[in-house]
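Notes for the one structure printed next.
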Amino acid sequence: MKLLRLVVLVLGVSVGCASQPPLATVPHVDLPRFMGDWYVIANIPTWVEKGAHNAVESYALAPDGTIATTFTFRDGAFDGPEKRYTPVGTVVDTATNSTWDMQFVWPIQAEYLIVYLDDGYTRTIIGRSARDYVWLMARTPTIADAEYAELLKRIGDMGYDVSKVEKVPQRW
């Protein structure tokens, strides 16, 4: 049943969702440098992520060139059950490495755009052209309030409704 809901969700958000112009992606991503753990600081959550605590997205380059992804979080509370998803990322734009498809269920792939990445590879924003979901992630579980406000403004400037952005509780 969960698989069916995921398929319906992905189909629903991918049909006719280009009402705004595509998001601009970063000019280049050094894939080996981007790999590793990213703590989800805030997002417009999918139904899977509602109530997530200690959310972490981890990336690893696979031998076939895909990106092995592991998304883990505690469901509903810091001591809630651990949930784990393992989608596969595929770099679509190999000139920049900033446009990916993320596949949770074959054959459906979701757009995954690296729309912001700081020079130190410590902060990133992942978006979608539909402006339905967004993820603000960092290499650390927390960031300063001023930096959060600056990145939230950046998300708003991209055309997102920032009132839908939720902080993800992180406590390690």
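Readers should treat all values here as calculations from the given coordinates under stated rules, not as data from a laboratory. These figures come from a predicted structure and were not determined experimentally. Ideal geometry is used to build each Cβ from the backbone, glycine not excepted, and the neighbour counts take in all protein chains shown.
Structural remarks
- Those chymotrypsin sites (Phe, Trp or Tyr not before Pro) in the range 31-129 that DSSP places in a loop and that have at most 15 other beta carbons within 10 Å: Trp47, Phe78, Tyr121
- Using Cβ point charges alone (K and R +1, D and E -1), the dipole size of the chain about the Cα centre works out to roughly 420 debye.
- Three-way shape label, the range 95-172, alpha-carbon gyration tensor, a/c 1.5: prolate
- For the chain, the relative contact order works out to 27 percent when only alpha carbon pairs closer than 8 Å and six or more residues apart are counted.
- For Lys50, the aspartates and glutamates whose Cα comes closer than 13 Å to its Cα, not counting residues fewer than 8 places off in the same chain, are Asp75, Glu166.
- Think of the chain as a dipole: +1 on every Lys or Arg Cβ, -1 on every Asp or Glu Cβ, centred on the Cα centre; then among Ser98, Ala149, Thr46, Thr46 lies furthest on the positive end.
- The Cα atoms of the chain give a gyration tensor whose axes a ≥ b ≥ c have a/c under 1.5, which makes the shape rounded.
- Scanning the chain for trypsin sites (Lys or Arg not before Pro) lying in DSSP loops with no more than 10 further Cβ atoms inside 10 Å, the longest uninterrupted stretch between such sites is 51-170.
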